[in-house]
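Notes follow the structure.
The numbers here are math on the coordinates, done by the rules we state, and not lab data. Not measured: the values here are computed from a predicted model. Quick reminder, even Gly has a Cβ in these numbers, built from the backbone with ideal geometry, and neighbours come from all protein chains shown.
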Amino acid sequence: MDATTYVPVGNSTEVAFLKFLQDAEIPVHLLIQRKLGRIRAASPFSPERKRSATAVESPEHNDEVYIYVKGAPEEIINLSSHWIIEEGGHTTFEDLQKDELLAKV
Amino acid sequence: MATTPLRVISFGFAKMSLLDWKTNYEGQNTSPEQLMEDALASKTITLTHVGVFGMKDPLRARVHSCVKYAREHAKLNVRLVSGDHIETAKAVAIKTGILLPEEAGAQYAIMTGEEFRNDVQISSTKNQEGEVVYHVNEPDTFKEIAQNLRVLARATASDKHILVAGLKSVNNKVVAVTGDGINDVDALNLSDVGISMGSGAAAAKEVSSIVLTGDDFEASLRAVMWGRNIFHNISRFIQFQVTVNISVLVTVFVGIIAFNQSPMTAV
């Protein structure tokens, strides 16, 4: 399947993200194909929780499960213990940095 | 970012071994989804924060003039009820003219779902059919809020439901709800007129009275205009009929008294 023929449909927020990736020439359709049959649990977005979560068996490493969470910044930041820094890699997410980031949001 | 207004979303992830997942989250009485949510909520799983993304949700070009028209000419009280962040909702409301800058400081003009819930003291009970029924325990506070409320941010489906139910029962208003998501289904169902977007969720379209195929807010104003037009025509017609019938009655009555016969006879 060619990237130009894949048109994401569904929730407009998610479609926007997929289109953003497509604009960056990331083969979204191939990535979506890879996760097929590997989803272990998917909990949809709920306004009470303000987040959605999906557990996927990693396509690269056979013995790992990744849990991906997407939602309101205040909620995700609160649940995080680490964060990815500009220089690459990840370090501990201190409360001070959390507050700084939330102030920017 | 939320003040721009952008829709802000964060991403995070966590990693664990497949063995760990299988032993702790699968094959138990509770579903893996529930166990995963519980683990997240109790911070048994902590995330690595990836980043915050802001997305522009552009307003349709004519919304501002439509809202202005609705407020000033159609005497409609337009409110914004949104699940978004309070700053986003406020910025959108100001941009669309739902919230005038001078109103922003007023008490109850901008509320979050949580404040709203606490102030009006909601309680819920189940009726015989097992449906949840909400009660407003502070009708006086609700009245005051309903009068001033322009923006309700971080609103849940039940907040929308309560607002519509309260406006109908406490304030005796005719309520139209515009919505497109699963969250809006309850409110759309309860409203006098439910207007849903053609691009919205199927469930929302199912319960609404009007589906806007072009997703155009202007069309809902036009629906209000035609609705009022029909109502107006009916009342004009009845006025006309009543006037004609009363005049004929008087003429015939006077005729019978004065000339001993009706002046309306053909022969």
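Of the listed pairs A:LYS35/B:LYS15; A:LYS19/B:LYS43; B:LYS143/B:LYS173; B:LYS15/B:LYS43, which have alpha-carbon separations greater than 23 Å here? Mind showing how you got there, number by number?
Values: A:LYS35/B:LYS15 16 Å; A:LYS19/B:LYS43 32 Å; B:LYS143/B:LYS173 11 Å; B:LYS15/B:LYS43 14 Å.
Flagged as over cut-off: A:LYS19/B:LYS43.
Measuring gaps between exposed loop sites in chain B (GluC sites (Glu not before Pro); DSSP loop; at most 10 other Cβ atoms within 10 Å), the longest gap, sites not included, is B:132-267. Panel values: the protein assembly as shown, Kirkwood radius from alpha carbon pairs, Stokes-Einstein at 10 °C and 1.306 mPa s, translational diffusion coefficient 65 µm²/s.
Peptide B:24-37 has a mean shielding of 3, counted as Cβ atoms of other protein chains within 10 Å of each residue's Cβ. Rounded, prolate or oblate: which fits the stretch B:63-222, taking a ≥ b ≥ c as square roots of the Cα gyration tensor eigenvalues, rounded meaning a/c under 1.5, else prolate when a/b beats b/c? Note, shape of the stretch B:63-222 comes out oblate. The Cα atoms of chain B cover 107, 46, 38 Å along the three principal axes, with the biggest extent listed first.
With +1 assigned to the C-beta of every Lys and Arg and -1 to the C-beta of every Asp and Glu, and no other charges, what is the dipole magnitude of the stretch B:1-80 about the Cα centre in debye, to the nearest 20? Walk me through the numbers before you get to the answer.
Numbers: 11 positive and 7 negative charges, 167 e Å.
So the magnitude is around 800 debye.
Using every Cα-Cα pair within chain A, state what percent have a distance larger than 20 Å. Please list the in-between numbers first.
Details: 3043 of 5460 pairs.
Tail of P(r) above 20 Å: 56 percent of Cα pairs.
The charge dipole of the protein assembly as shown, taken about its Cα centre with unit charges on the Cβ atoms of Lys, Arg (+1), Asp and Glu (-1) only, comes to about 1520 debye.
Just to confirm a number: summing +1 for Lys and Arg and -1 for Asp and Glu over residues other than B:ASN24 whose beta-carbon lies under 12 angstrom from that of B:ASN24, what do you get?
Numbers: positive: A:ARG40, B:LYS22; negative: B:ASP20, B:GLU26, B:ASP38.
That works out to -1.
Using only the Cα atoms of the stretch A:51-99, build the gyration tensor, take square roots of its eigenvalues as a ≥ b ≥ c, and label the shape rounded, prolate or oblate: rounded if a/c is under 1.5, else prolate if a/b is larger than b/c, else oblate. Spell out each step's value before the answer.
On the way: a/c = 2.95, a/b = 1.47, b/c = 2.01.
It comes out oblate by the Cα gyration axes.
A simple charge model with +1 on the Cβ of Lys and Arg, -1 on the Cβ of Asp and Glu and nothing else charged puts the dipole of chain A at about 520 debye relative to its Cα centre. Per residue of peptide A:57-70, the mean number of Cβ atoms on other chains within 10 Å of the residue Cβ is 5. For the stretch B:63-222, DSSP calls about 30 percent of its internal beta bridges antiparallel.
Only helices reaching 27 angstrom along their own axis (Cα) with mean Kyte-Doolittle hydropathy no lower than 0.5 count here, and for the DSSP H runs of chain B these are B:217-259. What separates the Cα centres of the stretch B:18-56 and the stretch B:145-214 is a distance of 32 Å.
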